[in-house]
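The values are calculated or read from the model by the stated rules, or taken from the named source; none is laboratory data. All values reported here derive from a predicted model rather than from experimental measurement. So basically every Cβ, Gly included, is an ideal-geometry build from the backbone, and we count neighbours across all protein chains shown. These accessible areas exclude ligands, DNA and RNA; they are computed on the full protein's heavy atoms, side chains included. Shrake-Rupley method; radii C 1.70, N 1.55, O 1.52, S 1.80 Å.
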Amino acid sequence: VQLQASGGGLVQPGGSLRLSCAASESILSADVMAWYRQATGKQRELVAGLSGYGLTDYAEFVKGRFTISRDNAKNTMYLQMNSLKYEDTAVYYCKVSYSGYVYWGKGTQVTVSS
């Protein structure tokens, strides 16, 4: 399974971006889909997760600002990011798990700067 993340870019504080993660195969059977991020000099951290049952989970630092979703018809997962802050600057990665197999996409850079 190949994952292609896109949608990153430069945005001002308070702005919005929508990240996409397109899978090369159907995501209908995915157990968990998630977004992680890694800022320079920091460890990779979970941002948001979406289970196969539709349950969502968010890191405290993005609750109320970010929304994870999926479009099964397009085999794509999204991360809508609103009210972006300087500290949201990072490379964002998508991850999908199928029956214990884990796949990562290449990251997409998000830079929040004035």
### Query
Under 17 Å Cα-Cα from Lys63, which lysines qualify once same-chain neighbours fewer than 8 residues away are excluded?
Lys85
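Please give me, ordered by residue number, the chymotrypsin sites (Phe, Trp or Tyr not before Pro) of region 1-96 that lie in loop per DSSP and have at most 14 other Cβ atoms within 10 Å.
Numbers: sites: Trp35, Tyr36, Tyr53, Tyr58, Phe61, Phe66, Tyr78, Tyr86, Tyr92, Tyr93; in loops: Tyr53.
When the chymotrypsin sites (Phe, Trp or Tyr not before Pro) of region 1-96 are filtered for loop state and at most 14 Cβ neighbours within 10 Å, Tyr53 remain.
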### Task
Calculate the dipole size of the chain relative to its Cα centre from +1 charges on Lys and Arg beta carbons and -1 charges on Asp and Glu beta carbons; express the result in debye to the nearest 20.
180 debye
### Message
Can you give me the long-range amide H partners of Asn75? Hydrogens built in the peptide plane at 1.01 Å from N, cutoff under 5 Å, separation of 5 or more residues or another chain.
### Response
Ile27
### Task
Please give the per residue accessible area of the chain, computed with a probe of 1.4 Å over protein heavy atoms only, in Å².
54 Å²
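In the chain, what percent of the accessible surface is made up of carbon and sulfur (1.4 Å probe, ligands and nucleic acids excluded)? Could the numbers behind the result be given before it?
Numbers: 2980 of 6200 Å².
The C+S portion of the solvent-accessible surface of the chain is 48 percent.
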#### Entry: 10 Å Cβ shell holding at most 11 others, DSSP loop, trypsin sites (Lys or Arg not before Pro): longest site-free stretch of the chain
64-114
